[in-house]
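Heads up, the thing below is written out as structure tokens.
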Amino acid sequence: MQHTSWKISEIRHQLSMIDGKASPDKIIINAKYLHSVLKKWVEGNIWISKDRIVYAGSEMPAMTTDAEIIDAGGQVIVPGYIEPHVHPFQLYHPQSFADYAAQLGTTTFLSDNLILFLFLENEKAFPILDELNELPFSFYWWARFDSQTELENEDDLFTTKSIGEWLDRPEVLLGGELTGWPRLLAGDDQMLYWLQSAKMKGKKLEGHFPGASEKTLARMRLLGADGDHEAMTVEEVERRLLHGYAVTLRHSSIRPDLPHLLKDIVDKGLDVFDHLMMTTDGSTPSFHIDGVMDKCIQIALDAGVEPIDAYHMASYNVARYYNMTSLHGLIATGRFATLNFLENEHKPVPVSVLSKGVWLKKDGIQVHKLPKIDWSALGELELPFELHDGDFEFSMPFGIEMVNDVITKPYSVSIYTGETTLSTEHDESYLMLIDRKGKWRVNTMIKGFATSVMGFATSYSNTGDIILIGKNRQDMLIAFNEMKRMKGGIVLVEQGEVVSHIPLAIGGSLSNETIEDLIVQELALKKALKERGYIHGDAIYTLLFLQSTHLPYVRITQRGIFDVMKKSVLFPSFMRS
């Protein structure tokens with residue numbers, strides 16, 4: 001990782017504080033803080049100049065005239081929490097999620113670049129990264145090597161030039177996640193070259209290996225994978241550690257595995273906490289009602305993990321793995337002044353949050369909101385077409401059956417699909433994927449989504465194309481037209497009336513609301529869907545993953561109905577008239 005460069009004048013000014021010739025901006029006295037190298041609580045004083053710790057130890061500065069003095073007596077201080085695996089586009093966007101997470105102590109993200117990569121040329125995406133870098137919050141990124149679906153133009157998007165430009169960015173710390181790893185095992189030298197390029201630039205490589213055998217893990221380690229976040233049992237954790245992987249334990253809206261994983265690790269007496277990290281893995285907004293990384297730390301504490309180990313899994317371990325302890329995860333001289341002030345070590349929700357020297361929260365109250373950034377490069381969703389009766393033709397011999405929130409398999413359609421309205425006595429519905437430019441469509445049936453959803457439309461999807469689901473074609477059309485009028489969003493319609501909706505004004509994929517408001521909207525939508533027979537846990541992820549070919553067994557994609565295991569198109573998309 002390339003270190004942030006303070007200007008020569010700034011460094012000279014910082015040195016003058018040590019020499020007693022200038023006053024720090026902030027002095028934290030009576031500080032009991034976690035020293036992550038010593039692995040113990042240390043007492044002393046912390047001097048801060050703007051965004052940097054210039055001294056942490058027992059001494060007081062000779063000059064204090066211009067300093068804000070903070071008495072931390074009775075509290076404990078830990079490094080700001082790091083979320084090492086963020087998909088910051090789950091209805092929210094990076095700035096809004098960061099503003100929410102920071103109030104709970106999470107002040108650093110390692111984020112997925114997929115949406116920026118798919119929807120924007122690098123020349124338009126990179127200014128967004130630059131703008132985010134100016135916030136009192138730390139954003140780092142991954143560079144994707146595949147789209148995790150079947151795109152019409154994937155070869156045009158994922159090129160050595162475009163990927164290389166991301167890897168050249170200093171805030172890009174890793175490649176992946178490797179959802180397209182079967183291509184590597186099948187001999188894809190182009191992707192292997194990208195992996196090697198990432199390694200040459202000092203980047204880590206994050207895997208995506210759910211259920212992987214020991215031999216698969218060994219093969220992927222030889223191909224360059226450094227870490228993985230897909231372990232679902234303690235045996236899978238051990239297997240990854242055995243082959244030298246960094247293991248990130250997951251607690252997400254579709255895989256809340258962390259409590260049982262940590263309990264099993266503690267019960268087995270495995271002394272491996274120095275090699276573990278934790279993540280919420282891009283959970284949807286309402287999952288974060290009770291926290292972000294603070295929630296993971298609390299789960300660790302409740303599982304019997306020692307407090308220092310629990311905090312390290314959400315700070316120092318991440319910083320050490322990504323070679324950024326010179327800036328993050330450690331309260332010591334020269335690091336960012338990013339600190340969480342806790343009531344005690346057993347309560348990870350901070351009383352106060354200092355991020356890059358800026359107070360974001362003091363004494364339980366938000367005192368600074370992260371400035372909004374410009375998302376205009378993503379534009380508004382403008383759908384240049386109308387749907388007509390001919391679009392609503394469903395004659396496929398088989399459809400897609402939901403096994404759970406995200407796993408789908410093929411099934412034989414046995415009902416008559418020529419009706420305007422389907423019966424609510426079964427759980428089969430119409431399903432359409434429509435090109436956002438109106439050029440093509442894919443029509444099939446979906447089983448297991450719901451029994452009584454009449455009309456449902458969303459521009460939130462893996463590719464930004466339009467998904468329609470429903471029992472009633474007219475309500476599906478009304479939902480589409482309302483979503484089009486909103487210029488993007490999720491709309492549920494029944495008997496011609498909008499029952500619930502979530503506006504997604506940024507590119508048709510992201511909300512410009514706060515996380516708090518978005519949580520209310522998402523919960524209302526989930527409640528309405530549940531009342532109409534949606535039995536699964538996370539409808540938002542269902543929408544996202546209907547197109548995702550890194551999951552079994554059959555998907556609806558831009559190319560048509562796609563068999564993931566055979567890697568072939570079963571039924572192609574139709575060109576619209």
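The values are calculated or read from the model by the stated rules, or taken from the named source; none is laboratory data. What you are looking at is a predicted structure, and each value in this text was computed from that prediction instead of being measured. Note that each Cβ is placed from the backbone with ideal geometry, even for glycine, and that neighbours are counted across all protein chains shown. When the accessible area is computed, the model is the full protein with side chains, heavy atoms only, and any ligands, DNA or RNA have been set aside. Shrake-Rupley method; radii C 1.70, N 1.55, O 1.52, S 1.80 Å.
You will find that of ALA67, ALA56, ALA98, ALA102, the residue that is more than 24 Å from ALA314 (Cβ to Cβ) and not aromatic (Phe, Trp, Tyr) is ALA67 and no other. Scanning the stretch 176-191 for residues that are in a helix (DSSP H, G or I) and open to solvent by 40 Å² or more (accessible area, probe 1.4 Å) returns TRP181, PRO182, ARG183, LEU185, ASP189, GLN190. If the condition is being open to solvent by 50 Å² or more (accessible area, probe 1.4 Å), assigned to a loop (DSSP other than H, G, I, E, B) and farther than 19 Å from ARG255 by Cβ, then the stretch 196-219 contributes LYS201, SER213. LEU477 meets all of the listed conditions (1) farther than 30 Å from ILE373 by Cα; (2) in contact with a strand residue (DSSP E or B) (Cβ under 6 Å, 6 or more places away or on another chain) but one, namely (2).
Looking only at the stretch 143-175, which residues are among the basic types (Lys, Arg) and open to solvent by 40 Å² or more (accessible area, probe 1.4 Å)? Of everything in the stretch 143-175, just one residue is among the basic types (Lys, Arg) and open to solvent by 40 Å² or more (accessible area, probe 1.4 Å), namely LYS161.
For the stretch 57-115, taking the residues that are of a type in the set (Phe, Trp, Tyr) and open to solvent by less than 10 Å² (accessible area, probe 1.4 Å), the one that is farthest from LEU249 (Cα to Cα) is identified as TYR92. Could you go through the stretch 364-382 and let me know if any residue there is in a loop (DSSP other than H, G, I, E, B), under 25 Å from the mean Cα position of the chain (by Cα), over 30 Å from LEU468 (Cα atoms) and aliphatic (A, V, I, L, M). There is at least one residue in the stretch 364-382 that is in a loop (DSSP other than H, G, I, E, B), under 25 Å from the mean Cα position of the chain (by Cα), over 30 Å from LEU468 (Cα atoms) and aliphatic (A, V, I, L, M). Scanning the stretch 395-437 for residues that are part of a loop (DSSP other than H, G, I, E, B), more than 22 Å from ASN472 (Cβ to Cβ) and open to solvent by less than 50 Å² (accessible area, probe 1.4 Å) returns ASP405, VAL406, ILE407, ASP435.
If only residues of the stretch 248-266 that are in a loop (DSSP other than H, G, I, E, B) and charged (D, E, K, R) are counted, the one that is surrounded by the most Cβ atoms within 10 Å (Cβ to Cβ) is ASP257.
To keep it simple, each residue is scored yes or no on (1) under 26 Å from ILE540 (Cβ atoms); (2) not in a helix (DSSP H, G or I).
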{"residue": "ILE69", "(1), (2)": "no, yes"}
{"residue": "VAL78", "(1), (2)": "no, yes"}
{"residue": "HIS85", "(1), (2)": "yes, yes"}
{"residue": "PHE89", "(1), (2)": "yes, yes"}
{"residue": "ALA98", "(1), (2)": "yes, no"}
{"residue": "ASP130", "(1), (2)": "no, no"}
{"residue": "PHE139", "(1), (2)": "yes, yes"}
{"residue": "SER162", "(1), (2)": "no, no"}
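Contact map, the stretch 173-197: residues that are touching a residue at least 60 places away in the same chain (Cβ under 8 Å) paired with residues that are part of a helix (DSSP H, G or I), Cβ distance under 7 Å, separation 6+ or inter-chain. Pairs shown: GLY180/MET191. Check whether at least one residue in the stretch 341-355 is over 18 Å from TYR81 (Cβ atoms) and either assigned to a loop (DSSP other than H, G, I, E, B) or of a type outside the set (Val, Ile, Thr) (or both), and report yes or no. No, because not a single residue in the stretch 341-355 is over 18 Å from TYR81 (Cβ atoms) and either assigned to a loop (DSSP other than H, G, I, E, B) or of a type outside the set (Val, Ile, Thr) (or both).
If you check LYS21, LYS50, LYS26, LYS39 for being open to solvent by 20 Å² or more (accessible area, probe 1.4 Å) and either without any contact (Cβ under 8 Å) to a residue 60 or more places away in the chain or in contact with a Ser or Thr (Cβ under 7 Å, 6 or more places away or on another chain) (or both), only one passes: LYS21. Checking LEU34, LEU15 one by one, the residue that is open to solvent by 40 Å² or more (accessible area, probe 1.4 Å) and either touching a helix residue (DSSP H, G or I) at 6+ places or on another chain (Cβ under 8 Å) or on the phi < 0 side of the Ramachandran plot (or both) is LEU15 and no other. Check whether at least one residue in the stretch 59-82 is touching a Ser or Thr at 6+ places or on another chain (Cβ under 9 Å) and closer than 22 Å to GLY176 by Cβ, and report yes or no. The answer is yes; a qualifying residue exists.
With a requirement of 1 or more residues that are closer than 17 Å to THR444 by Cα and open to solvent by less than 40 Å² (accessible area, probe 1.4 Å), the helices (runs of 4 or more DSSP H) lying completely within the stretch 459-577 that satisfy it span 473-485, 539-545. Taking the criterion of being at positive phi and touching a residue at least 40 places away in the same chain (Cβ under 8 Å), the residues of the stretch 246-291 that qualify are ASP281, GLY282, GLY291. Could you please let me know if GLY390 is of a type in the set (Gly, Ala, Ser), farther than 30 Å from SER49 by Cβ and not in a loop (DSSP other than H, G, I, E, B)? Against the criterion (of a type in the set (Gly, Ala, Ser), farther than 30 Å from SER49 by Cβ and not in a loop (DSSP other than H, G, I, E, B)), GLY390 qualifies. Across the stretch 299-320, which residue is most open to solvent (accessible area, probe 1.4 Å) among those that are touching a residue at least 40 places away in the same chain (Cβ under 8 Å) and not aliphatic (A, V, I, L, M)? This residue is ASP302.
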